[in-house]
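*Asks:* Here it is, the structure, as structure tokens.
Computed from the coordinates by the stated procedures, all read-outs in this text should not be read as laboratory data. Since this is a predicted model, take the numbers as computed values, not measurements. Cβ placement follows ideal geometry from the backbone for every residue including glycine, while neighbour counts extend to all protein chains displayed.
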Amino acid sequence: MAKQKSSGLGRGLSNLLPDVEGLDLVHNKAMVTTAIDAVPLNKVEANPFQPRKEFDEESLKELAQSISQQGVITPITVRRMPNGTYQLIAGERRTRAARMAGLKEIPAYIRTATDGQMMEMALVENIQRENLNAMEVAFSYAALIDECSLTHEQLSERVGKNRATITNYLRLLNLPAETQLALGHDKISMAHARCLAGVEDMEQHTEILRRIIAEGLSVHQTEQLIQSLAHPKMPLKRRAKESLPSNYDQAQRDLKKHLQSEVDIKRSRRGKGELTIHFNSDADFERIMRLLNPSK
């Protein structure tokens with residue numbers, strides 16, 4: 001799969017790597033625990049593969065207050081670097097809050113991991129976060145496949161999702177940028193997006209997207225709209241006028257000529273019918289009557 005660009009949402013790979021607090025690395029055989037110790041906070045560096053820059057200030061203050069009273073209950077996870085510093089794998093919020101609380105040291109699991117392993121762990125954790133929108137998940141899947149050279153089967157095992165689910169997310173990357181933005185900003189749901197994925201005509205696609213947002217269409221209503229646009233109701237064809245027998249047809253022409261007015265003759269197959277003579281005014285009606293009954 002070719003690497004997907006994330007310009008539609010203004011998110012590069014770096015923005016898809018959040019804090020991986022709570023990530024259980026014990027079961028990763030490539031990770032080796034070398035120690036559980038207290039490490040100096042001034043030697044703890046940010047994870048370059050998880051450059052999360054924005055944190056809720058109030059939430060950090062609350063955590064810092066809790067740490068001041070009870071200490072850091074759950075150790076952070078770091079890897080030891082050759083220069084004697086420690087690089088964060090998980091625990092960015094705890095590290096920041098500990099610094100706000102004035103701590104000099106923080107308890108940490110010290111582990112060994114390569115750059116590739118750290119990137120993979122960060123992306124997997126990113127996908128497993130419950131508050132990700134569908135486009136963020138799709139970009140993360142693509143990043144794992146491309147950056148970590150994973151097959152769809154391997155990705156399925158890493159994130160605990162079946163292949164069909166992964167395929168549905170990856171298909172979102174083929175949507176027009178406007179639709180990706182709407183999905184990324186939660187203006188439409190993934191179910192809406194799957195409906196739109198089948199609309200190849202770009203004018204119709206955009207029209208349906210904007211109606212979903214403006215009218216708050218449900219998925220069922222969206223499906224009905226797509227169906228109606230794909231198969232518009234054909235106007236009922238007027239039944240072809242049955243041809244008149246030649247003598248009736250001739251009589252109709254003769255009456256039109258004689259009365260100088262529009263004349264319609266309708267006749268069924270059984271011989272029943274109607275003779276209609278049109279007039280434009282009362283005076284025209286009197287003229288036609290005189291022509292029909294000249295003795296009066």
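*Asks:* Treat each spin label as a single point 7 Å out from the Cα along the C-beta direction, and report the Lys61 to Ala38 distance in nm.
*Replies:* Simple spin-label model gives 2.8 nm for this pair.
*Asks:* Between region 170-201 and region 100-121, how far is it from one alpha carbon centroid to the other, in angstrom?
*Replies:* Going from one Cα centre to the other spans 37 Å.
*Asks:* Compute the length gained on full extension between Ser149 and Asp249: take 0.36 nm times their separation in residues and subtract their Cα-Cα distance, giving the result in nm to one decimal.
*Replies:* The Ser149-Asp249 span can extend by a further 27.8 nm.
*Asks:* Same structure again: Assuming R0 = 41 Å, can you tell me the calculated FRET efficiency for the pair Asp115 and Arg210, based on Cβ-Cβ distance, to the nearest 0.05?
*Replies:* 0.40
*Asks:* May I ask you to order 69-81, 88-100 by the average number of other C-beta atoms within 10 Å around their residues, highest value first?
*Replies:* 88-100, 69-81
*Asks:* With a cut-off of at most 13 other beta carbons within 10 Å, and DSSP calling the residue loop, which GluC sites (Glu not before Pro) in region 149-217 qualify? Please list them.
*Replies:* Listed in order of number, the matching sites are Glu200.
*Asks:* Could I ask something else about it? State to the nearest 20 debye the size of the charge dipole of region 246-292 about its Cα centre, where the only charges are +1 on K and R beta carbons and -1 on D and E beta carbons.
*Replies:* 360 debye
*Asks:* Let me ask something else. What's the extension gain from Asn293 to Thr276 if we count 0.36 nm per residue and subtract their Cα-Cα distance?
*Replies:* Full extension from Asn293 to Thr276 adds 4.5 nm.
*Asks:* Taking 0.36 nm per residue of separation and subtracting the Cα-Cα distance, what length does fully extending Asp284 through Gln69 add?
*Replies:* 66.9 nm
*Asks:* Still on this model: Can you compute the FRET efficiency between Ala191 and Ile265 using 1/(1 + (r/R0)^6), with r the Cβ-Cβ distance and R0 = 51 Å? Round to the nearest 0.05.
*Replies:* That gives a FRET efficiency of 0.30.
*Asks:* Can you work out the base-10 log of I(q)/I(0) for region 36-111 at q = 0.13, 0.20 1/Å, using the Debye formula on its C-alpha atoms alone?
*Replies:* Treating every Cα as an identical point scatterer, log10 I(q)/I(0) equals -0.34, -0.81.
*Asks:* Sticking with this structure for a sec: Using DSSP to call loops (not H, G, I, E or B), can you name the trypsin sites (Lys or Arg not before Pro) in region 170-239 whose Cβ has at most 11 other Cβ atoms within 10 angstrom?
*Replies:* Here the trypsin sites (Lys or Arg not before Pro) that fit, given the DSSP loop and packing criteria, are Lys233, Lys237, Arg238, Arg239.
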